[in-house]
Amino acid sequence: MISIATWLVREITQAAKESYPNECCGLLGGTGNLDGAITITQARATSNVAKGLIKNHFEVDPKVHFELIHELRGTNERVIGHYHSHPNHPARPSEEDLKMAFDPNLLWFIISLDQSRINEMKVYKINELTAAFQEIPLTTFVEDDQ
Ligand SMILES: [Zn+2]
């Protein structure tokens, strides 16, 4: 089970809207572990540094990834995953996504949107046995902006 505050959902979906029709991406910090429960505690937007068309590709800026790992060292938070958007496509991992999914410890948040609205947000992780994406239940909770 993954929990995320509604203000963070707003932050991520806003980034998806602003990048439309291109894919947005960013990193997620959180606490807990997948055997129990995970709470997402922060989102860090990065540029989409994918080479080629960013309408259907994304790559988190590795520099920001490194900085965030460094920043969270010694705290109870860690880099727990990342998010990206699927403009005009369902919130289902693409074949391209599967090629890039080599870290079983990272959660994948995918936001589906079209020009006028956010359709849905889903979370996946790589199942180490099947090497396929597996959806994980997501719940949102209301918490004041920090
Ligand atoms: Zn994707």
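Just so it is clear, none of the values below were taken in a lab; they were calculated from the coordinates. A quick note: this is a predicted structure, and the numbers were derived from the prediction, not measured. Cβ placement follows ideal geometry from the backbone for every residue including glycine, while neighbour counts extend to all protein chains displayed.
Odds and ends about this structure:
- Segment LYS63-THR6, extension gain: residue separation times 0.36 nm, minus the distance between their alpha carbons: 17.8 nm
- Length, then width, then depth: along the principal axes, the Cα atoms of the range 20-104 run 37, 27, 22 Å.
- 17 Å cut-off, amide nitrogen to a point 7 angstrom out along GLU18 Cα→Cβ, residues in the range 100-126: 111, 118
- Taking other residues whose beta carbon is less than 14 angstrom from the beta carbon of ALA91, and scoring Lys, Arg as +1 and Asp, Glu as -1, yields -2.
- Local electrostatic count at HIS57 - Lys and Arg +1, Asp and Glu -1, tallied over other residues with Cβ under 10 Å: -2
- Inter-centroid distance (Cα atoms) of the range 52-71 relative to the range 117-146, Å: 19 Å
- For PHE141 and ARG117, the FRET efficiency from 1/(1 + (r/R0)^6), where r spans their Cβ atoms and R0 equals 25 Å, is about 0.65.
- Computed helical MRE - 222 nm, the chain, DSSP H runs ≥ 4 contributing -39500 (n - 2.57), nearest 500: -6500 deg cm²/dmol
- Debye intensity ratio I(q)/I(0), log10, the chain, q values 0.16 Å⁻¹ (C-alpha model): -0.83
- Sparse packing (at most 15 other Cβ atoms within 10 Å of the Cβ) combined with a DSSP loop state is found for the following trypsin sites (Lys or Arg not before Pro) in the range 81-142: ARG117.
- The chain: relative contact order as a whole-number percent, Cα under 8 Å and 6+ apart: 27 percent
- The antiparallel fraction among DSSP beta bridges confined to the chain stands at about 65%.
- Exposure proxy ranking, count of Cβ atoms within 10 Å, fewest first, for VAL9, VAL123, VAL142: VAL142, VAL9, VAL123
- DSSP loop GluC sites (Glu not before Pro) with at most 16 other Cβ within 10 Å: longest gap in the chain: 1-127
- Per-residue Cβ neighbour rank within 10 angstrom, fewest leading, LEU8, LEU53, LEU98: LEU53, LEU98, LEU8
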